[in-house]
Amino acid sequence: MPSLASRCLLLALLVLSLASPAVAQPATDPAFDAAFASFTKARRGDSAQLDAAVTAFQATPGNPAMKPLYSAYLGSAYTLQGKAAWMPWNKMKYTDKGLDAI
């Protein structure tokens, strides 16, 4: 089981990579665009969008080649839920779930 320090480092790298404007976003999938819009709002602090982002990324993508991308963003959305959680055990539960999905 990875240590807490390695998990924090992985999470920090993930957040930095998602904040980069060079993140590849397919412009041809409207379902992904809607899910990504909810995720972006949640990432900017709108915690009401977290459940919408998780639900949208849980949906099976129309293009099977995009499944890894949906899975990575789903994991990121779970880690955002961990950030927004109040109880420490919920923080760890969502963060672990997110890292597992990634």
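Could you tell me whether any residue of region 56-68 is over 19 Å from Lys91 (Cβ atoms), open to solvent by 30 Å² or more (accessible area, probe 1.4 Å) and at pLDDT below 65?
Within region 56-68 (the criterion being over 19 Å from Lys91 (Cβ atoms), open to solvent by 30 Å² or more (accessible area, probe 1.4 Å) and at pLDDT below 65), the answer is no, since none of the residues qualifies.
If you check Ala34, Ala24, Ala77, which single one turns out to be aliphatic (A, V, I, L, M), modelled with pLDDT of 85 or more and open to solvent by 40 Å² or more (accessible area, probe 1.4 Å)?
On inspection, the qualifying residue turns out to be Ala34.
Kindly provide the set of residues from region 37-51 that are in contact with a helix residue (DSSP H, G or I) (Cβ under 7 Å, 6 or more places away or on another chain) and not aliphatic (A, V, I, L, M), ordered by number.
Ser38, Phe39, Lys41, Arg43, Ser47, Gln49 - these are the residues of region 37-51 that are in contact with a helix residue (DSSP H, G or I) (Cβ under 7 Å, 6 or more places away or on another chain) and not aliphatic (A, V, I, L, M).
The values are calculated or read from the model by the stated rules, or taken from the named source; none is laboratory data. Note that this is a predicted model, so its numbers are computed, not measured. Methodologically, a virtual Cβ is constructed for each residue, glycine included, from the backbone with ideal geometry; neighbour enumeration extends over all protein chains shown. Please note that ligands, DNA and RNA were not included when accessible areas were found on the heavy atoms of the full protein model with its side chains. Shrake-Rupley method; radii C 1.70, N 1.55, O 1.52, S 1.80 Å.
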